[in-house]
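Taking it in order: structure first as structure tokens, then the write-up.
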Amino acid sequence: MKSPEKVINYIVNWLKEYAINNNINGFVVGVSGGVDSALTSLLCAKTNLPVLCLEMRIHQEKNQISRGLNHINWLKNKFNNVKFKSIPLTNVFDAFKNTITENKFNEKELLSLANTRSRIRMMTLYYFSTLNNYLVAGTGNKVEDFGIGFYTKYGDGGVDISPIADLLKSEVYILAKRLGVLKEIIEASPTDGLWNDNRSDEEQIGATYKELESVMKNKLKNLKKTKRELEVTTIFNTFNSRNKHKMVSIPICKIPNKLKS
């Protein structure tokens, strides 16, 4: 990235102009303790429009909670336009889980429940979005959103605006470091925080973001690949194909006019 400062200013101006042009008061961001949500909330704060940061724990690891709270406190000390609410959602999730399951979980049920956590958070974000006339700011980066589709449909993928969705993960780190995001967040292993065993993104995907970025950059190049590069390419293509439905518009059944007239 040649000019991080110019990229930062471009995103901040884009956010502000979009909100003002659409008569929106500000932004609401879910802060998880990871670098993506830290950067997103920081960029929103730099617009000088009101920003509401939500910490929404659901059986969360203590270190994830503390990182998120530390970032929010750091952000509040830097910007007067930032407010914060902690919304514990563990009881909400448990009530839902106990209503629909018999506590005999196979792999599909565990995945469905993990996605349910994300969707409960989405509903919470939109509750406060509606109350305040705010935009829900997404925290997905380019690798997740348009590479492997590593997000929950109508969960963390249910947003109004995506300020960092054109940034590769490495570029997210570049901007976060330039803006002084806390070291503990920069150094934390990326995780979606949706599993009780605190598994990392890399453990779920089977590849690092650096490896996935390399595939994205070289996808159209006919280069000789090492065994590991071939493995990661297969991982990338599998996720991309399986999650394609998340990355395209909702299919609409277009009825021929002759059938409707």
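The numbers here are math on the coordinates, done by the rules we state, and not lab data. This structure is a prediction, so every number in the text was calculated from the model and none was measured. Every residue, glycine among them, receives a Cβ derived from its backbone with ideal geometry; neighbour counts consider all protein chains shown.
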Dipole moment magnitude, nearest 20 debye, the stretch 75-190 about Cα centre, only Lys, Arg, Asp, Glu C-beta charged: 380 debye
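Using per-residue counts of other Cβ atoms within 10 Å, averaged over each peptide, order 235-241, 247-253, 25-31 from highest down. Please report the intermediate quantities before stating the final value.
On the way: 235-241: 16.3, 247-253: 7.0, 25-31: 24.0.
Final packing ranking: 25-31, 235-241, 247-253.
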Unit charges on C-beta of K, R, D, E only; dipole of the stretch 4-256, Debye: 420 debye
Most positive-pole-ward Cα, ALA38, PRO50, GLY147, against dipole of the chain from beta carbon charges: GLY147
The stretch 1-35-the stretch 227-261 distance, computed between alpha-carbon centres (Å): 28 Å
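Counting Lys +1, Arg +1, Asp -1, Glu -1, what net charge surrounds ILE24 among other residues with beta carbon under 15 Å of its beta carbon? Kindly include the intermediate steps, with their values, before the conclusion.
Details: positive: LYS16; negative: GLU17, ASP160.
Residues near ILE24 contribute -1 overall.
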Distance between the stretch 115-136 and the stretch 145-188 - C-alpha centres, whole angstrom: 18 Å
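Restricting attention to the stretch 162-224, which trypsin sites (Lys or Arg not before Pro) occupy a DSSP loop and are surrounded by at most 15 other Cβ atoms within 10 Å?
Numbers: sites: LYS169, LYS177, ARG178, LYS183, ARG199, LYS210, LYS217, LYS219, LYS221, LYS224; in loops: ARG199, LYS219, LYS221, LYS224.
Of the trypsin sites (Lys or Arg not before Pro), the ones in loops of the stretch 162-224 whose Cβ has at most 15 other Cβ atoms within 10 Å are ARG199, LYS219, LYS221, LYS224.
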Compactness of the chain - radius of gyration and Dmax, Cα, Å: 19.4, 64
With 5 Å bins from 0: P(r) over the stretch 1-109, alpha-carbon pairs, percent: 2, 11, 17, 17, 15, 13, 9, 7, 5, 3, 0
Relative contact order, percent, the stretch 4-256 [alpha-carbon distance under 8 Å, six or more residues apart]: 20 percent
Ranked packing of 143-150, 67-74, 105-112, 86-93, most packed first, by mean Cβ within 10 Å: 143-150, 67-74, 86-93, 105-112
